Number of protein chains: 2
Amino acid sequence: MNDVISFSRGAPSLDIIDVEGLKQAAVAALEKDPAKTTTYGTSVGYVPLREWIAAKHGVEPENVIVTNGSMQADAFLFDQLVSEDSPVVVERPTYDRTLLGLRNRKGELHPVTVESDGVNVDELEQKLKDGLRPVMAHIIPNFQNPAGVTLSAEKRTRLLALAEEYDFTIFEDDPYLDIRFRGEQLPTLLSQDTNGRVVYASSFSKTVCPGLRTGYLVGPADLVKKIATQATNTYIAPNQFAQSTIYQFAESGALERSIETVKAALEERVDQLSASLRAHLPNASFVVPDGGYFLWVDLGEGVDCAKVLKAAADEGVQVVKGTDFVLEGGESCLRLAYSAVQADKIDEGVRRLARAVEATRV
Amino acid sequence: MNDVISFSRGAPSLDIIDVEGLKQAAVAALEKDPAKTTTYGTSVGYVPLREWIAAKHGVEPENVIVTNGSMQADAFLFDQLVSEDSPVVVERPTYDRTLLGLRNRKGELHPVTVESDGVNVDELEQKLKDGLRPVMAHIIPNFQNPAGVTLSAEKRTRLLALAEEYDFTIFEDDPYLDIRFRGEQLPTLLSQDTNGRVVYASSFSKTVCPGLRTGYLVGPADLVKKIATQATNTYIAPNQFAQSTIYQFAESGALERSIETVKAALEERVDQLSASLRAHLPNASFVVPDGGYFLWVDLGEGVDCAKVLKAAADEGVQVVKGTDFVLEGGESCLRLAYSAVQADKIDEGVRRLARAVEATRV
C-alpha cells in the first residue's frame with residue numbers, strides 16, 4: 001500500500017515549520033538572555049514573552065500567564081472554575097479534549113449547536129431563560145475545532161451581553177486566530193470585554209510549532225494570580241528555554257513570516273480538499289473554512305462513520321469520526337485535519353476516503 | 001549596600017551552566033530530528049531521551065515517563081497515590097514543596113527524623129509496628145534537601161525490607177545523585193528493588209539547568225501508564241524541544257563535562273562555606289554535605305531564625321528558615337543553598353549572617 005495519508009491529527013506538517021528560524025531563535029535566546037533562559041523563572045512565564053503577549057492583546061502583563069501549552073492553561077482554568085455538577089456550556093460539536101477535561105472534573109455539560117456562523121446564540125439564550133446558570137461557556141470563535149466555522153461579529157456581541165446578564169465566564173479558546181487565510185479578522189470577545197467576563201486562551205503551536213509547548217491565558221488579574229499559585233505548586237515554572245526561544249522568534253520577525261507560510265499552505269490545502277470532496281464525495285456537505293486546521297464534513301444520512309473509519313484505515317487514510325466531538329449524535333460526520341497533509345496528497349486521500357465510504361454502503 | 005548574597009534558592013549560578021553546549025545541542029536537535037523536536041510527541045516524553053534514561057537506570061523504557069520538571073512528576077504521582085487522609089511518611093526536615101503538595105492533597109503526614117546518615121529507620125519501624133500503614137514514604141536519599149545528608153547503604157536495605165513487609169511505596173526523590181563531589185556513590189533504592197516497591201524521580205535541573213524544565217519518573221509499568229494517561233489529559237505531551245535538546249546535550253558528551261564542572265564548583269563552595277561558618281558562627285552545628293546543593297545549620301538554642309531572617313535581609317544576605325521544612329520545630333535552623341553563590345562571595349555572605357545572628361541576640 002502507499003504511505004498512509006492522515007487527516008486525523010491537528011498538527012502542522014514539517015514543511016510549514018521554520019526549523020531554521022527556530023535554530024537561530026534558540027541560539028539568540030541563549031546569547032541575549034542566558035541567565036533567564038536557563039533558570040527556573042516564575043510560574044507566570046518568561047517575562048519578556050508575557051509582556052509581548054500582553055501588548056498583542058492590549059492588556060497588562062498581570063492579566064497574562066504563559067503555560068506549557070494551552071491545554072495546560074485549560075486544565076488550570078477548569079480546576080479554578082469547574083467542580084462536580086458545575087453547569088458548563090459547550091459547543092456541539094467541540095474539541096474532544098475539552099469534553100474530556102470537563103467530564104473528568106464531573107462538570108454538567110450543556111451542549112449548544114454550532115451553525116455555519118458559530119454557536120446558536122438563540123438556543124443558548126433559551127436555555128438561560130429556562131433557568132440554566134452556567135459557570136462558564138466554552139467557545140472556540142475562529143475556525144472552530146472541529147466544525148471549521150467562525151462566530152459572527154453580531155453573535156460575539158450578543159454572547160457578551162448574555163454573559164453579563166446571566167453572570168457567567170466566557171472561555172474564549174482561540175488558537176487559530178492568526179491562521180485566517182481569507183476574509184476579515186473579527187474582533188476577539190476579549191477585546192470587547194469591559195467587565196472581566198472573558199478568559200482568553202491561545203497558543204504558539206499553530207503559528208510556531210507544537211513541540212515548544214507554549215500556550216497562554218489572558219484574564220482578570222485576580223484569577224491569573226490564583227492560577228499562577230497553582231502553577232507554582234504544580235511545576236514551579238513553565239519552560240523558560242522554549243518561551244525565550246519563542247520570544248526571540250517573534251522579535252526577529254520570523255513569527256510573522258511563519259504565519260504567512262502557514263496561511264498560504266493551508267489555504268491551498270483547504271481549496272484542494274474542498275474540490276476533491278466535491279469531486280469524489282458529491283453527497284457530502286461541509287462549510288469551507290476561512291482559516292484554521294479543520295474541515296467538518298457530513299457524509300449524509302445512512303453513512304456510519306464508525307464503519308467508514310475502519311474501511312478508511314484499510315484504504316490507507318486516517319480520519320476522526322464525528323461522534324468523538326459530541327455527547328450524542330454525529331454518526332455521519334468526520335473531522336478532516338488538512339494541516340498535516342501537503343496539497344499534492346490531498347486528492348489521493350479523498351479518493352481513498354470515497355472508496356471507504358462506498359465500501360460501507362454495500 | 002553591597003549586592004545581596006542569596007543562599008536561599010536551590011538553583012545553580014550561571015557560571016556553572018554550559019550555555020555554549022546548550023546552543024550546540026539545540027541546533028543539533030533541530031538539525032538531526034526536526035520532525036520529532038517540533039511536533040506534539042506523546043506524553044511519555046521525547047522517545048530517545050526516555051530510552052537514554054531507561055538505560056541509565058537499567059530499566060525498560062515503559063518504566064519511564066519524562067515530564068515538565070520533576071515537580072510535575074511528583075504532582076502526577078501524588079495524584080495517583082495520595083488522597084484525603086492517606087498516611088504518608090515524610091522526612092523531618094524535608095523539601096518544603098513536597099510538604100505543600102502532600103498537604104494540598106490532604107494527605108496525613110507522618111514525619112520521621114533525619115539523622116546524619118539519613119532517615120531514622122528505627123523510628124520508622126516503631127511507627128509501623130505501632131500500626132502505621134503508609135501508602136508511601138517520601139525519601140530524598142542523596143544530599144537531602146534541606147539537611148544535606150545521605151542515606152547509608154545499610155539503611156537503604158532496611159527501608160526496602162520495611163516497604164516489602166508493610167506494603168508501601170518508597171518514593172525515591174533523587175535529583176542530586178550525580179552531584180556527589182566526594183565519597184563513593186551508593187546504589188539507589190531503585191536498583192535494589194525487585195518487587196516494584198520504588199518509584200524514582202530525578203531531573204536534569206541540577207546537571208544541565210532548571211530552565212529546560214525536564215524531570216522524570218521511573219516506576220512500575222502499570223503506574224507509568226496511568227500517569228501517561230493523566231499527562232495526556234493535562235498537557236498532551238511535555239516539551240519535546242527541551243527534551244530533544246537535553247538528549248543531544250547528553251549524546252555529545254556535554255552532560256558529563258557539565259556534571260564535572262558543577263561538582264568541582266560545588267565542592268569548592270561547600271568547603272568555603274564550612275570554613276566560614278566555623279570561623280564566624282562557632283556555635284553553629286552542621287553536617288558537611290558530600291554533594292548536592294544544601295547545607296543545614298543549627299544555630300543553637302536561643303536563636304530565633306524568624307528574627308535572623310529579617311536581620312539577615314537588612315545585612316544583605318538571604319537564607320531560608322528551618323521552620324519551612326518541618327511541620328513543627330526547626331526554629332533555630334537555617335537552610336543554606338550554596339549552589340547559587342560563587343566561592344569568593346561566600347565568606348562575605350557568612351560574615352553578614354553572623355552579624356545578623358548577633359543582632360538578634362541583643
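Among the residues here, B:Asn195 does not qualify as part of a helix (DSSP H, G or I) and either within 14 Å of chain A (Cβ to nearest Cβ) or over 16 Å from A:Asn68 (Cβ atoms) (or both).
Name the single residue, out of those in the stretch A:1-13 being in contact with a strand residue (DSSP E or B) (Cβ under 7 Å, 6 or more places away or on another chain) and not β-branched (Val, Ile, Thr), that is farthest from the other protein chains (Cβ to nearest Cβ).
Taking the stretch A:1-13 first, the residues in contact with a strand residue (DSSP E or B) (Cβ under 7 Å, 6 or more places away or on another chain) are A:4-10.
Filter once more, so that each one left must be not β-branched (Val, Ile, Thr): A:6-10.
Numbers: A:Ser6: 12, A:Phe7: 16, A:Ser8: 12, A:Arg9: 8, A:Gly10: 9 Å.
Out of the qualifying residues, it is A:Phe7.
Checking each residue in the stretch B:40-55 for being more than 7 Å from chain A (Cβ to nearest Cβ) and either within 23 Å of A:Leu14 (Cβ to Cβ) or not in a helix (DSSP H, G or I) (or both) picks out B:Thr42, B:Ser43, B:Val44, B:Gly45, B:Tyr46, B:Val47, B:Pro48, B:Leu49, B:Arg50, B:Glu51. All of B:Val326, B:Val288, B:Val320 fail the test of being surrounded by fewer than 18 Cβ atoms within 10 Å (Cβ to Cβ), closer than 24 Å to B:Thr113 by Cα and under 18 Å from the mean Cα position of the chain (by Cα), apart from B:Val288. Only one of the listed residues (A:Val19, A:Val27, A:Val4) is within 30 Å of A:Ser276 (Cβ to Cβ), without any contact (Cβ under 8 Å) to a residue 12 or more places away in the chain and hydrophobic (A, V, I, L, M, F, W, C). That residue is A:Val19.
Kindly check whether there is at least one residue in the stretch B:342-362 that is in contact with a strand residue (DSSP E or B) (Cβ under 8 Å, 6 or more places away or on another chain), open to solvent by less than 10 Å² (accessible area, probe 1.4 Å) and within 22 Å of B:Val114 (Cα to Cα). The answer is no, given that none of the residues of the stretch B:342-362 is in contact with a strand residue (DSSP E or B) (Cβ under 8 Å, 6 or more places away or on another chain), open to solvent by less than 10 Å² (accessible area, probe 1.4 Å) and within 22 Å of B:Val114 (Cα to Cα). Identify all residues within the stretch B:14-39 that are facing chain A (nearest Cβ under 9 Å) and outside any helix (DSSP H, G or I); write none if there are none. Passing the criteria: B:Ile17, B:Thr39. Looking across the stretch B:316-339, the residues that are of a type in the set (Gly, Ala, Ser) and modelled with pLDDT of 95 or more come down to B:Gly316, B:Gly322, B:Ser332, B:Ala337, B:Ser339. Could you check the stretch A:1-13 and list, in sequence order, the residues that are open to solvent by less than 20 Å² (accessible area, probe 1.4 Å), part of a loop (DSSP other than H, G, I, E, B) and of a type outside the set (Gly, Ala, Ser)? Within the stretch A:1-13, just A:Phe7 meets the criteria. For the stretch B:147-158, the criterion of being of a type in the set (Asp, Glu), more than 19 Å from B:Lys56 (Cβ to Cβ) and away from every other protein chain (no Cβ under 14 Å) is met by at least one residue. For B:Pro34, the conditions (1) touching a residue at least 60 places away in the same chain (Cβ under 8 Å); (2) in contact with a Leu (Cβ under 7 Å, 6 or more places away or on another chain) all hold with the exception of (1).
Please verify whether the stretch A:337-348 includes one or more residues that are over 25 Å from the mean Cα position of the chain (by Cα) and assigned to a loop (DSSP other than H, G, I, E, B). No, because not a single residue in the stretch A:337-348 is over 25 Å from the mean Cα position of the chain (by Cα) and assigned to a loop (DSSP other than H, G, I, E, B). Residues that are charged (D, E, K, R) and either in a loop (DSSP other than H, G, I, E, B) or under 15 Å from B:Val66 (Cβ atoms) (or both) were ranked within the stretch B:200-224; the one that is farthest from the chain's Cα centre (by Cα) is B:Arg213.
Can you pull out the strands (runs of 3 or more DSSP E) entirely within the stretch B:56-152 that have at least 3 residues that are farther than 25 Å from B:Leu334 by Cα, open to solvent by less than 10 Å² (accessible area, probe 1.4 Å) and free of Cβ contacts under 8 Å to residues at least 40 places away in the same chain? Can you show your working first?
On the way: elements: B:64-68, B:87-92, B:108-115, B:136-139.
Fully inside the stretch B:56-152 and qualifying: nothing.
For the stretch A:263-280, a residue qualifies if it is open to solvent by 10 Å² or more (accessible area, probe 1.4 Å) and either of a type in the set (Asp, Glu) or in contact with a Gly (Cβ under 9 Å, 6 or more places away or on another chain) (or both), and the qualifying residues are A:Lys263, A:Glu267, A:Glu268, A:Asp271.
Listed by first and then second residue, the pairs with beta-carbon distance under 9 Å, at least 6 apart or on different chains, first residue in the stretch A:177-206 and under 21 Å from A:Ile246 (Cβ atoms) and open to solvent by 40 Å² or more (accessible area, probe 1.4 Å), second assigned to a loop (DSSP other than H, G, I, E, B) and of a type in the set (D, E, K, R), are A:Asp178/A:Lys206. Look at (1) open to solvent by less than 20 Å² (accessible area, probe 1.4 Å); (2) under 28 Å from B:Ala242 (Cβ atoms); (3) in contact (Cβ under 8 Å) with a residue 12 or more places away in the chain and you find that A:Ala163 fails only one, number (2).
Whether any residue in the stretch B:212-224 is more than 9 Å from every other protein chain (Cβ to nearest Cβ) and of a type in the set (Lys, Arg) is what I want to check. Among the residues of the stretch B:212-224, not one is more than 9 Å from every other protein chain (Cβ to nearest Cβ) and of a type in the set (Lys, Arg), which makes the answer no.
Just a yes or no: is a residue in the stretch A:240-262 in a loop (DSSP other than H, G, I, E, B) and either open to solvent by less than 10 Å² (accessible area, probe 1.4 Å) or more than 13 Å from every other protein chain (Cβ to nearest Cβ) (or both)? Scanning the stretch A:240-262 turns up at least one residue that is in a loop (DSSP other than H, G, I, E, B) and either open to solvent by less than 10 Å² (accessible area, probe 1.4 Å) or more than 13 Å from every other protein chain (Cβ to nearest Cβ) (or both).
Out of the residues in the stretch B:225-261 meeting the condition of being of a type in the set (A, V, I, L, M, F, W, C) and over 23 Å from the mean Cα position of the chain (by Cα), tell me which one is farthest from A:Met71 (Cα to Cα).
Going residue by residue through the stretch B:225-261, those that are of a type in the set (A, V, I, L, M, F, W, C) are B:227-228, B:231, B:236-237, B:241-242, B:246, B:249-250, B:254-255, B:259.
Then drop every residue that is not over 23 Å from the mean Cα position of the chain (by Cα), which leaves B:236-237, B:241.
On the way: B:Ile236: 7, B:Ala237: 10, B:Phe241: 17 Å.
The residue in question is B:Phe241.
The values are calculated or read from the model by the stated rules, or taken from the named source; none is laboratory data. Treat the numbers as computed from the prediction; the structure is a model and nothing was measured. Quick reminder, even Gly has a Cβ in these numbers, built from the backbone with ideal geometry, and neighbours come from all protein chains shown. Accessible surface is based on the protein model in full, side chains and every heavy atom, while ligands, DNA and RNA are left aside. Shrake-Rupley method; radii C 1.70, N 1.55, O 1.52, S 1.80 Å.
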